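Beneath this line is the structure, given in structure tokens, with notes to follow.
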Amino acid sequence: MAKKKVFELPYIDGNYERVGDFDIYYTENGDMSVTIKLTNPIIQYSGSPDAYNSFHDLYSNLIKVLGEGYLFQKQDILARKLYKAGEANEFLQQKYNEHFTGREYVDISTYLTVTKLAPKRFFIYDRGSSKQFDQSINKIVDILITAKTNPKVLNKQETETFIKRILTMNFSDDHIIYNNMKSTPSEVDFGDKVVRSLSLVDIDNIELPNRISTYVEMGSPDAVKDFPADIFAFLLKVPDFKTILYNQVLTLPNQQKELLKLEQKKRRHSGIPDAANYVCVNDIDTLLADVAKNSQVVVRAHFNILICAEKPHIDKATNYIISSLFRHGISPSKNAYNQMELFRCALAGNANELGIYDWFLTTS
């Protein structure tokens, strides 16, 4: 008989605190977070490679502005919905609404959760730390406004709703209904639907290109040649999914310590003449040169895609994503057996719960 266990949310009871203009919430280990809803300023068929580069630089700058001790969790959510049109005063608009009402479409929403990490010791509440965090969020919001992302900091009620929707993987229905969860090595079962997490990097066997562009050029027969598009635009075409959550997490470690560790690792690999060691030394040299020449910073990163679909369709949706990733030279992790842990870490503000085996080092 399967063991039954109550799913405990990783937040402190009564965890919200109003500081300045924002509702800050706390996890059990004392990390404080704020979630911001964004609008992507790049339209799907913008045709501008510079827009993709600028949007990427925006997040790189956010990391540098706050520095060490913060964690960024950007979540892009794709949900299938039925179009509901409002009342129209004009005849043509009314007919337009009637024509499209009830049609299925994919809704995209973007959220950025900024987390201030608690010191690695017994947590002691500090009001001054909350005020400092409030000032940091104001800086972030100002930068996002300048970048024309229309940021909206979620209040307590909106944040609770957002967390509940992640918990149920339901961003389509007006009402949120909980169900029992059953964790297996390959997925989390929600009754009539399942959630499967694809971790994009296996740190034991990293299968990634040395450099990934911020966009790709479409070259298929049914597309305009060399037309720039989002590198993960294929997520819009995944068959039979209910919800897809693309979870990207970055944190900035102590730069001096990390670079020193890399230098030590380089010397160890250099001492043993071996093809694999030569490749490792070359990769470290490339990273260190990028940091020195281009003012890059070293970050710890985690990327994963959560797919929610009905049980008969989950394999088809997952296989489509995996094959699309292969075309970009990305091979997802084959060791993502910690499905419940990956699901929990997708909850807003809880990414710090990730194990060391799910983080990898790269440049921002």
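The values are calculated or read from the model by the stated rules, or taken from the named source; none is laboratory data. Owing to the predicted nature of the structure, the values given are computational and were not obtained by experimental measurement. Here the Cβ positions follow ideal geometry from the backbone for every residue, glycine too, while neighbour counts run over all protein chains shown. For accessibility, only protein heavy atoms count, side chains too; no ligands or nucleic acids. Shrake-Rupley method; radii C 1.70, N 1.55, O 1.52, S 1.80 Å.
Before moving on, here are some points about what is shown:
- Extension gain, K139 to D290, is 51.7 nm, computed as 0.36 nm per intervening residue step minus the present C-alpha separation.
- Taking trypsin sites (Lys or Arg not before Pro) across the range 289-364, the ones in a DSSP loop with at most 16 further Cβ atoms lying within 10 angstrom of their Cβ are K334.
- Protein accessible area in the range 11-363, 1.4 Å probe - carbon and sulfur %: 51 percent
- Measure of compaction for the range 172-284 (Cα Rg per 2.2 N^0.38 Å): 1.59
- In this calculation the C-beta distance from Q94 to K261 is compared with R0 = 56 Å, giving a FRET efficiency of 0.30.
- Expressed per residue, the C-alpha convex hull volume of the chain stands at 193 Å³.
- The slack between K131 and K164, meaning 0.36 nm per residue of separation minus the straight C-alpha distance, is 9.2 nm.
- With all protein chains kept in place, the per residue accessible area of the chain amounts to 56 square angstrom at a probe of 1.4 angstrom.
- Förster radius 45 Å - calculated FRET efficiency between H175 and R268, Cβ distance, rounded to 0.05: 0.20
- Only Cα pairs under 8 Å and 6+ residues apart enter the sum, and on that basis the relative contact order of the range 200-357 stands at 34 percent.
- Between E310 and K84, the FRET efficiency from the beta-carbon distance, with R0 = 25 Å, is close to 0.65.
- For the range 212-276, Kirkwood radius (reciprocal of mean inverse C-alpha pair distance, Å): 16.8 Å
- Span-like helix check, the chain: qualifying full DSSP H segments, with Cα axial length of 15 Å or more and mean Kyte-Doolittle of 0.0 or more, are 275-294, 314-327.
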